[in-house]
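A.B. asks: Let me begin by handing over the structure; questions about it come next.
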Amino acid sequence: MAAGYTADRNGRCQVATSASSSSTSNVLDLSCSVSGDCHSNATCRTDPDSLALHCQCNVGFEGDGKRQCRRLQSCQLHNTCDVKASCVLDRRTDSYRCECNAGFAGDGHRCRPIRSCGEDRTICDRHADCQYSYLQREYACSCQLGFIGDGYTCTPVPARSRGDGGAEEGEYLLLAQGATILRMALPESTRRPVGGRPAAAAPAESSLTSLTSAGYPLITKSRQIIVGLDVDCLQGSLYWGDVATGVIYQSLGNGSQAEAVSSMVTSSDTIQPAPEGVAVDWVSRNLYWTDSRRRTVEVSNLDGNNAKVVVKEGLVSPRGIALHPGSGKLFWSDWSRDAPKIESANLDGSGRVVLLNKDLKLPNNLVVDYEHNDLCWTDAGTHRIECLNLYTSSRRVVTLTAAYPFDLAIVGSNIFWTGKHFCV
């Protein structure tokens with residue numbers, strides 16, 4: 001028998017578990033004794049074919065069993081599965097994975113129907129239409145106005161919650177200014193009628209300070225610098241990042257019971273976090289943020305546990321972040337002065353794509369218009385507010401004269417943004 005091979009109990013040749021010759025001394029020896037000399041999260045087990053003892057990571061861990069066993073980040077911890085997929089136990093590996101439902105194909109994080117709605121329109125949700133997608137170059141289901149989803153499952157756009165168990169009277173804006181989060185009522189002319197279509201647009205670029213005075217601070221914390229904030233549409237809680245301390249905070253919708261989300265540390269490095277953009281996945285109950293010091297996009301549960309880096313390569317100055325839970329997509333901006341861009345990926349960081357890298361200078365924050373399937377952003381360098389339709393890839397300019405636009409929000413057919421001197 002050739003050197004480096006052994007016979008299993010069926011007489012078949014296979015690579016030896018450990019090499020005895022000096023020429024293979026640099027190969028990691030995974031063998032172990034019954035008493036065990038494996039990693040602390042591994043067990044010395046008997047190989048069923050060779051009957052040799054070797055180190056194997058325990059359930060919930062992955063690695064060589066000898067030097068390292070890393071804890072798995074399964075869909076049980078971060079539900080990044082497609083809405084047409086389920087998180088199932090794979091008994092072959094004793095771990096959970098995403099698996100597309102019957103009638104759909106894909107990797108579980110991105111599932112598409114085996115048949116096109118052009119062939120069978122019944123695969124679309126009853127609140128969706130079958131439209132030709134120039135982006136995908138095929139017919140695809142698209143949710144109707146007032147609904148959110150991937151077209152195969154559509155749910156009503158979440159109603160705003162007050163965050164303390166009751167419904168909020170009227171619509172309002174939340175905005176950050178330095179160390180303070182303010183609540184400002186929307187002008188009557190821009191509010192959406194309940195159960196109806198969006199109200200007519202407000203006068204273009206009208207300052208809110210001249211339209212309404214109904215505003216007050218919700219939260220003020222000295223020395224904090226707030227860049228991004230978001231709302232959990234399901235519970236109404238607020239989440240915001242403080243780049244001064246590197247902490248993400250949460251509170252009830254009325255600003256009470258503010259507290260730091262638990263540890264944001266996701267690696268052993270000593271770089272202090274700087275969470276800028278913050279986005280809540282109210283469907284999977286996860287929290288996403290960009291970190292401008294670590295140059296990463298990260299995710300955790302809403303309580304801050306099970307934090308994980310989902311994007312870390314090729315980032316310079318990540319800032320804005322937005323989610324589309326219905327399509328399982330994540331969007332972020334990178335305002336690198338040399339190569340500004342807007343990118344997208346699946347919620348687990350896979351399938352990364354550069355959406356835009358032309359005619360950008362300093363792209364700041366992002367927002368998804370769920371009713372029209374648009375991704376909109378502010379650009380402080382071009383002084384523009386622009387939108388990109390995620391189905392047709394058509395790009396349109398909302399305004400050319402924004403004064404250093406920073407953050408933005410969409411209510412019905414109106415876009416609100418904060419500028420250098422005022423909120424419009």
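A.B. asks: Counting every Cα pair in segment 279-424, what percent are over 19 Å apart?
C.D. replies: Roughly 49 percent, once rounded to a whole number.
A.B. asks: Taking the alpha carbon gyration tensor of segment 85-154, what are the square roots of 5 times its eigenvalues, largest first, to the nearest whole Å?
C.D. replies: 27, 13, 10
A.B. asks: What do you get for trypsin sites (Lys or Arg not before Pro) in segment 302-410 restricted to DSSP loop and a cutoff of at most 11 other Cβ within 10 Å of the site's Cβ?
C.D. replies: Arg337, Lys358
A.B. asks: How large are Rg and Dmax for segment 316-379 when calculated on the C-alpha trace, in angstrom?
C.D. replies: 11.2, 34
Values in this text are rule-based calculations from the coordinates and carry no lab data. All of these numbers come straight from a predicted model, not from anything done at the bench. Methodologically, a virtual Cβ is constructed for each residue, glycine included, from the backbone with ideal geometry; neighbour enumeration extends over all protein chains shown.
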